[in-house]
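Worksheet: the structure to be examined is printed underneath.
Every number in this text was worked out from the coordinates using simple rules, so none of it is lab data. Treat the numbers as computed from the prediction; the structure is a model and nothing was measured. All Cβ positions, glycine included, derive from the backbone under ideal geometry; neighbour counts span all protein chains shown.
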Amino acid sequence: MSEEIARGRETFSAPISYLPRPILEPRNPVIALAVTWVTTLIPSVLLAAVIGQIVPDVPQPQFNMSGPLAVFLLAVFAPVVETLIMGTVLLVLLRLFNPTVAILLSAAGWGVAHSLAAPTWGLVIWWPFLVLSALFVTWRQRSLAAAFVMPMVAHGLHNLPTSLLVAYGINI
């Protein structure tokens, strides 16, 4: 295990190998979570802004909830359920493909799944799921529990700002 951890980026090929080192090396969970949060949130916001400018009239995801329920469902429940699904699928994909291909297929699958709810949502959501999938594969080197917990927490942190906006009825 320590040899795999020491190799870090070498276990992934491009484009995954270009992600920040703390995402690709299972060393410090706090730093990995902070870097993952920034790496998922900022590009997602930028992608959403660009897509909103290109196709402004396309329906956006609708969240018919508010208050603490919105925070619970979006920042706790959804990350737990989606990470359990994502991790299980990744474990199967890793038996069939190398880590980079498995991560790319996982991200594409989540993009398609979210596009079913709102057409352009998948164009935004593939990026965080690419990073979360890489985090899963990385922390799998430590343990199966870490592989599930790290992306679950990172996903919850990623969804937290949106859940707070939904909770208070703020549309951007």
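Determine the shape class of the range 42-106: with a ≥ b ≥ c the square roots of the Cα gyration tensor eigenvalues, call it rounded for a/c under 1.5, and otherwise prolate if a/b is greater than b/c, oblate otherwise.
Cα axes put the range 42-106 in the oblate bin.
Given R₀ = 30 Å, what would the calculated FRET efficiency be for Val30 paired with Val101, taking r from the Cβ atoms and rounding to 0.05?
So, using R0 = 30 Å, E works out to roughly 0.50.
When the dipole is taken about the Cα centre of the chain, and only Lys, Arg (+1) and Asp, Glu (-1) are charged at their Cβ, what size is it in debye, to the nearest 20?
280
Please work out which option in (1) 2, 7, 13, 16, 15, 13, 11, 8, 6, 4, 3, 1, 0, 0, 0; (2) 1, 9, 17, 22, 21, 13, 9, 5, 2, 0, 0; (3) 1, 7, 13, 14, 12, 10, 8, 6, 6, 5, 4, 3, 3, 2, 2, 2, 1, 0, 0, 0, 0 gives P(r) over Cα pairs in 5 Å bins from 0, in percent calculated from these coordinates, and answer with its label.
Label of the calculated value: (2).
Using Cα-Cα distances under 8 Å and only pairs 6 or more residues apart, what relative contact order does the range 2-167 have, in percent?
34
If I stretch the segment between Leu91 and Arg142 completely, what's the gain in nm (0.36 nm per residue apart, minus their alpha carbon distance), one decimal?
16.9 nm
Give me the distance in nm between label points sitting 7 Å out from Cα along the Cα-to-Cβ direction at Asn64 and Ile42, one decimal.
About 3.7 nm, to one decimal.
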